[in-house]
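Input: a single structure, listed below in structure tokens.
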Amino acid sequence: MASVTNKRVALLIANLASFLIPFMTSSVNIALPQIGQQFSMNAILLSWVATSYILAAAMFMLPFGRVGDIFGRKRIFNYGVWIYTVASVLVAIAPSGTLLIAFRVLQGIGGSMIFGNATAILTSVFAPGERGRVLGINVAVVYIGLSVGPFLGGILTEHFGWRSIFIANVPLGLALLAAFPALKGEWAEARGEKFDFIGSTIYSLTLAAIIYGLTELPALTGIWLIAGGGIGLFSFLQWETRTRSPILHLDLFRNNAVFVFSNLAALVNYSATAAVGFLLSLYLQYIKGLSPETAGIILVSQPVVMAALSPFAGRLSDRVEPRIVASVGMALTCAGLFLLSGVNNSTGIQWIVAWLALLGLGFALFSSPNTNAVMSSVENKFLGVASATLGTMRMTGQMLSMGIAMLLFALYLGQVQILPQYYPQFLASAHTAFIISGALCLGGIFASLARGKVR
């Protein structure tokens with residue numbers, strides 16, 4: 001049993017990391033118009049500034065979760081913080097849009113090492129009866145990062161330029177590295193097992209083919225890439241059933257309905273919601289003509305509600321069946337997305353704030369109970385894989401959400417900058433994105449309810 005001190009240190013470190021990455025991610029959304037202007041990026045290339053990080057994190061999160069199970073979760077987590085901090089410096093000094101996107105990929109790799117092991121470390125240190133509470137706190141910190149990101153990012157972008165956002169990440173990363181030695185112990189329940197390099201390669205290339213293919217539609221190249229991704233997915237599943245040390249134990253999916261449907265619900269939820277901040281940041285600055293600082297203040301309304309209510313939702317999931325709490329959250333998220341699908345030039349800011357707050361309430365009720373359900377449904381030796389699988393669902397969902405937005409930009413806008421003459425096409429793409437997202441959440445309610453009771 002871990003000591004009280006070590007539990008507090010583990011929670012502190014996990015929370016620092018959980019603040020760092022969403023803080024930067026939500027800040028970047030606010031800075032996108034300024035980045036696009038400086039490097040003369042069209043709508044699709046501008047989308048890659050956000051998507052490149054998400055894609056890299058999704059590609060490597062599951063492999064690094066497995067590496068953490070084998071070689072030590074704390075060690076891989078620490079390496080990830082170093083890579084992420086160095087990459088933040090490189091992004092801040094990037095001289096071109098191409099290099100900026102390349103360094104964002106490096107950030108994503110560091111982020112995958114952090115998030116692929118952070119939840120597993122918390123779950124390793126805390127007993128089952130304590131997990132709902134600490135996971136609720138951890139989710140709340142994620143949302144605090146999301147809350148501070150648009151507000152502080154807007155101030156930094158408006159007064160010091162977009163590069164200052166990435167510079168601001170460096171002292172946070174250094175603080176995390178300074179606190180790390182105080183965490184005692186190591187967790188590697190799969191030590192001695194082999195790492196599945198072939199499966200990891202197939203998996204990563206499959207995700208890359210699918211998301212890049214989405215951005216190339218409706219061209220034939222996009223169709224071929226998505227088809228290749230489908231073949232890669234089939235090949236990955238076949239390989240994982242045959243290899244002795246898979247990165248993804250398919251038995252977790254065959255014999256564990258709670259694990260399957262909780263991860264599916266997470267995938268659907270993030271696929272529906274991840275692009276909201278991206279689309280509304282562009283909407284508020286382009287269509288409503290607001291400054292980055294003002295747009296950031298408005299976007300804060302969603303994560304503030306998430307941060308305030310996530311600890312309550314986590315504690316509630318220790319007492320009430322998590323699937324019930326999470327399903328109610330999914331339903332509220334669905335309602336918020338359908339309401340946002342009606343935004344236009346004359347929509348009042350008060351309505352945007354109200355609908356974002358509704359999304360925040362829904363997400364708070366969904367996320368920490370769903371995480372609790374996933375992590376409580378597996379044996380300890382699979383905690384790293386479970387954490388990474390859930391993280392992969394989150395990042396893959398975010399990637400698909402951005403992929404949908406990029407596809408709609410390609411269909412409605414094409415290879416052009418978002419200038420006033422193209423505002424109607426931008427609004428049409430945003431309306432369609434919110435309708436598709438609402439429909440996804442509607443289906444996600446059934447996945448959430450179908451999971452059954454946590455053992």
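Rule-based calculations on the coordinates, nothing more; no lab input. This is a predicted model, so every value here is computed, not measured. Ideal geometry is used to build each Cβ from the backbone, glycine not excepted, and the neighbour counts take in all protein chains shown.
Data overview
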read-out	value
Modelled FRET efficiency - R0 22 Å, GLN38 with ALA354, Cβ distances, 0.05 increments	0.05
FRET efficiency, HIS159 to ARG191 (Cβ-Cβ, R0 60 Å, nearest 0.05)	0.75
Cα-based shape type of the range 264-311, given that a ≥ b ≥ c are square roots of the gyration tensor eigenvalues and the cut on a/c is 1.5	oblate
Whole-angstrom gap from the range 311-362 to the range 10-38, using each part's C-alpha centre	22
Lys, Arg +1 and Asp, Glu -1 on Cβ, resulting dipole of the chain about Cα centre, debye, nearest 20	900
Likely footprinting exposure, LYS288, LYS194, fewest C-beta neighbours within 10 Å first	LYS194, LYS288
Stretch gain in nm, segment GLN421-ILE198, where the contour uses 0.36 nm per residue and the Cα spacing is subtracted	75.4 nm
In sequence order, calculated HN-Hα J values of the range 397-410 (Karplus, 6.51, -1.76, 1.60; Hz; x Gly/Pro)	x, 4, 5, 5, 4, 5, x, 4, 4, 5, 4, 5, 4, 4
Ranking of TYR84, TYR283 by count of other Cβ atoms within 10 Å, fewest first	TYR283, TYR84
Likely footprinting exposure, THR347, THR119, fewest C-beta neighbours within 10 Å first	THR347, THR119
Where Cα atoms sit under 25 Å apart: lysine pairs in the chain separated by 8 or more or lying on different chains	9
Distance from the range 171-231 to the range 90-135 (C-alpha centre basis), Å	11
Backbone HN-Hα couplings from phi across the range 77-93 [Karplus 6.51/-1.76/1.60, Hz, Gly and Pro as x]	4, 4, 4, x, 5, 4, 4, 4, 5, 5, 4, 4, 5, 5, 5, 5, 10
Phi-based couplings in Hz for the range 117-123 (Karplus 6.51, -1.76, 1.60; Gly and Pro marked x)	10, 4, 5, 5, 5, 4, 5
Cα gyration tensor shape for the chain, rounded if a/c is under 1.5, else prolate or oblate	rounded
Degrees between helix 423-449 axis and first principal axis of the chain (Cα, 0 to 90, nearest 10)	20
Overall form of the range 204-331 per C-alpha gyration tensor (a/c, 1.5; a/b vs b/c)	oblate
Cα-projected label distance for LEU12 with THR347, points at 7 Å along beta-carbon direction, nm	4.3
Dipole of the chain, positive end: most advanced residue of VAL416, PHE338, TYR84 [Cβ charges, Cα centre]	TYR84
